[in-house]
Amino acid sequence: MSAEAPGERLPAWRGIIRHYGAFLPVSEATPLVTLNEGNTPLIEAPRLSERVGAEVFLKVEGANPTGSFKDRGMTLAISKAVEEGAKAVVCASTGNTSASAAAYAARAGLRCAVLIPDGYIAIGKLAQALVHGAQVVQVRGNFDEALRIVRDLADKAPVVVVNSVNPHRIDGQKTGAFEIVDALGDAPEVHCIPVGNAGNITAYWRGYCQYREAGLATRLPRMLGFQAAGAAPIVEGRVIDRPETVATAIRIGNPASWYGASAAARESGGAIAAVSDEEILAAYRFLAAEESVFCEPASAASVAGLLSVGVPTGSQVVCVLTGHGLKDPDVAISQVQVPGAVEAAFEPVLDALGL
Ligand code: F0G
């Protein structure tokens, strides 16, 4: 391989609003609150490609500033909140939205309150919300109950909701689709994505459609969305009162963008399907061990789904890996053998290594 242009000054990436502003509801007057999110790697997955007989790419959203795709929507939602004169923002979250909201609100000098399900958010995400200075309220209930309270708060208090019921979130997140098309030269044939509150699948579908309308893509992908089997309201066609899954990020029983997700699947000739926790964890381990990408459990649902439904031979496929594996070290450790300590001497180490 040849080096491309060492020493050449590359144009700096300065976030999704500056890059894709022509497709976003912003003007010169919009104050930009950005951490230079977006421009995440789209990497080839040779072993996964071999397993499924297709050309598979991974969109590594864990490479965003707070470690998840939420930053794409949050930069726009917070910028617009500042433009509209807001002083405080609020969200319900399974963890990543709260981490992102806390970071972008701090950057903007806004107050941020987050409601999270007590005992069901990954420890890294809780740490993020707290270190960025959000007011964290742990609710004895699940995400759906927390979101209901947040919607009530917005009706009765001077706060802006930054969940994906805020349309700016979806608009920001659609830029993930733009980047995929820009990298591949066209839309892929199949797009695999985890589904929780269903904002992201709605956003990607909008992004692909808008790029095609603008003449920047010639085709649209089939959208395959995957819910965890214990939290699969769209697949089962009913609200799930007590959703359960190891993938706590998508432990949601009544998604706000239910309609958007169903429409994306229907209009694209795709589907929303369920994957078991065992399939999710197998894909999670495979991605880390075979593709060297450490994502969080919910993210691995996209690959678990691809492995379970399959695609026509030779298809070009993109799987979105929505969040970084370090967010949830407890699950990571539960999936491996942690070795005991040996004496700090040559022989015991040699023994331990079996050399
Ligand atoms: N993957 C991760 C890592 C997530 O954090 C989420 C959602 C999803 C997938 C599903 O995306 O909700 O747009 O369908 N997390 C939200 C949160 C609910 O509060 O952080 P979705």
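The values are calculated or read from the model by the stated rules, or taken from the named source; none is laboratory data. Worth saying up front: this structure is predicted, and the values here are computed from it rather than measured. These area figures cover heavy atoms from the full protein model, side chains too; ligands, DNA and RNA do not enter into them. Shrake-Rupley method; radii C 1.70, N 1.55, O 1.52, S 1.80 Å.
Karplus-based coupling profile of the stretch 17-31, in residue order and whole Hz: 6, 5, 6, 10, x, 4, 9, 10, x, 10, 9, 4, 7, 6, x, with θ = phi - 60° in 6.51 cos²θ - 1.76 cosθ + 1.60 and x standing for Gly or Pro.
Between the stretch 79-104 and the stretch 2-76, what's the alpha-carbon centroid distance in Å? About 20 Å separates the Cα centre of the stretch 79-104 from the one of the stretch 2-76. Above 25 Å, the calculated P(r) of the stretch 119-226 contains 37 percent of its Cα-Cα pairs. Backbone amide hydrogens, once placed in the peptide plane, bring Gln135 within less than 5 Å of Cys112, Ala113, Val114, excluding anything fewer than 5 places away on its chain.
For the chain, the relative contact order is 19 percent, taking Cα pairs closer than 8 Å that sit 6 or more residues apart in sequence and dividing their mean separation by the residue count. Looking at the chain, the accessible area is 44 square angstrom per residue; that uses a 1.4 Å probe and ignores ligands, DNA and RNA. The accessible-area ordering, largest first, of the residues Arg148, Arg14 stands as Arg148, Arg14, per a 1.4 angstrom probe.
For Asp186, the solvent-accessible surface computed with a 1.4 Å probe is close to 30 Å², ligands and nucleic acids excluded.
Along the stretch 106-113 the Karplus relation, 6.51 cos²θ - 1.76 cosθ + 1.60 evaluated at θ = phi - 60°, assigns HN-Hα couplings of 4, 4, 8, x, 9, 6, 9, 10 Hz to successive residues, with x for each Gly and Pro.
Annotation: amide H of Gly141 within the under-5 Å range of Asp118, sequence separation 5 or more or interchain, hydrogens built in the peptide plane. Counting only protein heavy atoms and a probe of 1.4 Å, the accessible surface of the stretch 244-320 is 52% carbon and sulfur. What does the C-alpha gyration tensor say about the overall shape of the stretch 294-355? Classify as rounded when a/c is under 1.5, otherwise prolate if a/b is larger than b/c, or oblate. In terms of gyration-tensor shape, prolate.
The Cα center of the stretch 176-254 and the Cα center of the stretch 318-334 differ in position by 18 Å.
Within the accessible area of the stretch 1-141, the carbon and sulfur atoms contribute 50%, probe 1.4 Å, all protein chains present.
Springs between Cα atoms under 10 Å define the GNM used for the chain, and in it the highest mean-square fluctuation of Leu281, Leu58, Leu130 occurs at Leu130.
Among beta bridges from DSSP that stay inside the chain, the antiparallel ones total about 15%. Our coupling estimate for the stretch 60-75, obtained by passing each phi through the Karplus curve with A = 6.51, B = -1.76, C = 1.60 and θ = phi - 60°, is 8, 6, x, 7, 6, x, 9, x, 8, 5, 4, 4, 4, x, 6, 4 Hz, Gly and Pro reported as x. Between amide H atoms placed 1.01 Å from N, distances below 5 Å from Val160 occur with Ala88, Val89, Val90, all of them 5 or more places distant or on a separate chain.
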